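Below: one structure, written as structure tokens.
The values are calculated or read from the model by the stated rules, or taken from the named source; none is laboratory data. In this text the structure is predicted, and so the values were computed from the model without any measurement. Cβ placement follows ideal geometry from the backbone for every residue including glycine, while neighbour counts extend to all protein chains displayed.
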Amino acid sequence: IESCRQQLLDLPSKVPEILSYELGDDLRIKSGQEHPLGPNRNLCWSVTVANEQDYQTYNDCEAHQSVVQSLKEILASRAAIQYEVQ
């Protein structure tokens, strides 16, 4: 997982469309792990881009796809959302 974490942290230097990012580990708080809808995920990666076109560029770029392939080897599942800040 550490190599994947580093790959994520390297993305902003390879993808100019990334305006900002956050990477964080779940705090493992009991209420999050025992939630009725299921436990929290372990890791969160969030990027901010200017618009949908920049997201598509980020999503499709070789650097991001390389991270996706690395994560597919170690993750059982993922959750994702693309949203516009109101």
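Selection of region 1-23 for residues being within 16 Å of Gln82 (Cβ to Cβ), surrounded by fewer than 10 Cβ atoms within 10 Å (Cβ to Cβ) and of a type outside the set (S, T, N, Q) yields only Glu22. Considering only residues in region 2-23 that are touching a residue at least 60 places away in the same chain (Cβ under 8 Å) and within 12 Å of the chain's Cα centre (by Cα), the one that is nearest to Asn59 (Cα to Cα) turns out to be Gln7.
For region 28-48, what are the residues that are out of contact with any strand residue (DSSP E or B) (no Cβ under 9 Å at 6 or more places or on another chain) and either farther than 23 Å from Ser3 by Cβ or modelled with pLDDT of 95 or more (or both)? Scanning region 28-48 gives Ile29, Lys30, Ser31, Gly32, Gln33, Glu34, His35, Pro36, Leu37, Gly38, Pro39.
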